[in-house]
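Have a look at the structure below, then the notes.
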Amino acid sequence: MKAAKFQLKEHPWIALILVLITFVFVLNITSIILFEVLRLNTEDSIIQTLPAAITNFILLFIIIPFLYKLPRGNNKIMLYLNDIGLLRIQPFFKLLLLGLSCYLVFLFFQVAGSIIYHLSQGETVNAQFIQSLFKFSNEFPPNSNGWLVSLPSILEEFVFRGVILTLFLTKYTPTRAIIYSAIGFGVIHLLNLASDKEVVWVMGQVAWCFISGLFYGYLFLKTKSLLPVMVVHYLFNLFIWTLTNNIQIDATAQVQAFYGVLFFFGVFPSALAIIWTRFFIKRWPI
């Protein structure tokens, strides 16, 4: 009897580990080419995003669909894009509104966390302080290129919700699939241990990425679309510095990790955003 041909899509955990290893490998090769061979300026904020952006692009549009044939064994680009939920953009305005409204939940808790920290330091919360939290123009030209630097976060949703979560959904219950994909999303952020970030901060980031990954997964599961999760994730990365810079500048790594896990990305906003998503879809079916 002829042995069945090995298919990566039948082994989600092996696929997840392989994707993570491949990401690290391609990221290192890309960084060497950009910074050691081409000698690009490592101080430029846009240049700093290139390794991750290029790596994600290669992974998503070459390696995953054509080499690994994930998440469903298709190697035709349109089938692949449909499998990962990128082509589902209808009903567009409902999906967009859901994404924006979920982001507002996180924005509320980010502002609340900044205010609570400010008060804990014996500072007065006045109109000037509140206004400083909403200086969103700081992320756009001519003040900065934050709007561009934050774009690679969208590609993370392609990988962890579009590919990895879809893959786990073929083998596990929705709850388990969401948890497992969130684990992968948290673990990949251990790469920041290679930066100048303190260990406690990175471990906090792993924790809040896992927690927010549960929300991202739930949102993707309920909509079958990448659009709302991309909206939320992009706005997260775009405005987080403006909304929480008082903590990021003044607080210790331990305090930053604590606020991140509870207020900025973690427990409180993720739980409420899941509740809101459930209500929204029940009230206005997608």
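When residues in the stretch 217-236 are screened for being crowded, with 19+ Cβ neighbours inside 10 Å and either not in a helix (DSSP H, G or I) or not hydrophobic (A, V, I, L, M, F, W, C) (or both), 8 of them pass.
Matching residues to (1) of a type in the set (A, V, I, L, M, F, W, C); (2) closer than 19 Å to Y68 by Cβ:
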{"position": "L169", "(1), (2)": "yes, yes"}
{"position": "T173", "(1), (2)": "no, no"}
{"position": "S181", "(1), (2)": "no, yes"}
{"position": "G186", "(1), (2)": "no, no"}
{"position": "Q205", "(1), (2)": "no, no"}
{"position": "G213", "(1), (2)": "no, no"}
{"position": "Y216", "(1), (2)": "no, no"}
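Restricting attention to the stretch 237-286, the residues that are under 12 Å from S114 (Cβ atoms) and among the charged types (D, E, K, R) add up to 1. From G85, G99, which residue is assigned to a helix (DSSP H, G or I) and either under 19 Å from the mean Cα position of the chain (by Cα) or crowded, with 21+ Cβ neighbours inside 10 Å (or both)? None of the others qualify; the one that does is G99. Restricting the stretch 175-210 to residues that are of a type in the set (S, T, N, Q) and in contact (Cβ under 8 Å) with a residue 24 or more places away in the chain, the residue that is farthest from F61 (Cα to Cα) is Q205. Exactly one residue among F160, F134 is over 28 Å from T252 (Cβ atoms) and either aromatic (F, W, Y) or at pLDDT 95 or above (or both), and that residue is F160. Restricting the stretch 126-174 to residues that are without any contact (Cβ under 8 Å) to a residue 24 or more places away in the chain and not in a helix (DSSP H, G or I) leaves a set whose member that is nearest to the chain's Cα centre (by Cα) is F140.
Could you tell me which residue of the stretch 61-71 is surrounded by the fewest Cβ atoms within 10 Å (Cβ to Cβ), considering only residues that are on the phi < 0 side of the Ramachandran plot and touching a Leu at 6+ places or on another chain (Cβ under 8 Å)? Looking at the filtered set, the residue picked out is Y68.
Let's see how each residue does on (1) at pLDDT below 95; (2) small (G, A, S):
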{"residue": "L151", "(1), (2)": "yes, no"}
{"residue": "T170", "(1), (2)": "yes, no"}
{"residue": "T175", "(1), (2)": "no, no"}
{"residue": "K197", "(1), (2)": "yes, no"}
{"residue": "G204", "(1), (2)": "no, yes"}
{"residue": "F210", "(1), (2)": "no, no"}
{"residue": "G213", "(1), (2)": "no, yes"}
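Note on the stretch 238-261: residues that are surrounded by fewer than 19 Cβ atoms within 10 Å (Cβ to Cβ) and under 17 Å from the mean Cα position of the chain (by Cα) total 1.
The values are calculated or read from the model by the stated rules, or taken from the named source; none is laboratory data. These numbers were taken from a predicted model, which means no experiment stands behind them. Cβ atoms come from the backbone with ideal geometry, glycine included; neighbour counts cover every protein chain shown.
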